[in-house]
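So the structure is just underneath, and the comments pick up after that.
Read-outs: derived from the displayed coordinates by stated rules, not from any lab. Everything numeric in this text was worked out from a predicted model, so none of it was measured. Every residue, glycine among them, receives a Cβ derived from its backbone with ideal geometry; neighbour counts consider all protein chains shown.
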Ligand SMILES: Nc1nc2c(ncn2[C@@H]2O[C@H](COP(=O)(O)OP(=O)(O)OP(=O)(O)O)[C@@H](O)[C@H]2O)c(=O)[nH]1
Ligand SMILES: [Mg+2]
């Protein structure tokens, strides 16, 4: 029996992007003959995200976690992890990616290969030889580069350059251990700082972390950007300060 790949998609108002992305995921599963399933975490979307997920359910193995009302990305990740871990066993792989179609499922086979080689966390990284970013404004590129630099200087986890990209593959055993230990405190930060916090919390268990270069296709994003640059900077600085002065 093949191991299962569960792809978790935290989604908030992604009606414009989700259909395209789901097609791309199914194509990757089919092309690479993967035993793949999908978990859509609908984070109180006010558009047709939930409906699209439900309609797709007849065609493919899709699980839905419906959170009402919207409580933000960190909560969606926290509740999503609990649900995801109930759907897979220790030998399976959990992959998380954005639902806005800027992350390409085509990277999944490489992530699985790294996982099979022994990586507990595989990060799709924007900052490796071979990485590309297409369609993101110069300002946004500069801001993520600046944030990345601050994380690298003040947090520093060995082998990590991309602290906030949500596209990652996790070893379920590692996640289970950390969530059993931290419980409600596993992700306390809001927004994208929560992504860096996950790595900080998992670091305690000395995981093997591997980054693979990835192509961020921001030009494919159909949905509106929900990124609040000011908030994201604030959240990141708060996490860094907490970490430095703890
Ligand atoms: N922004 C935001 N995203 C959420 C929330 N809940 C779930 N998500 C999902 O989290 C993922 C990341 O959010 P994005 O808005 O794509 O963030 P980003 O990629 O940094 O920035 P943009 O693509 O410019 O919006 C997406 O799949 C969202 O749908 C929420 O409350 N706010
Ligand atoms: Mg995005």
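Brief remarks on what is shown
- The chain shape via C-alpha gyration tensor axes, a/c threshold 1.5: rounded
- Theoretical FRET efficiency, 1/(1+(r/R0)^6), r = Cβ-Cβ of residue 177 and residue 227, R0 22 Å, to 0.05: 0.10
- Sorting 213-224, 115-126 by their mean Cβ neighbour count within 10 Å, with the most densely packed peptide first, gives 115-126, 213-224.
- In this label model, residue 117 and residue 150 are separated by 3.3 nm, measuring between points 7 Å along each Cα→Cβ vector.
- DSSP-defined beta bridges in the chain - what % are antiparallel, rounded to 5: 20 percent
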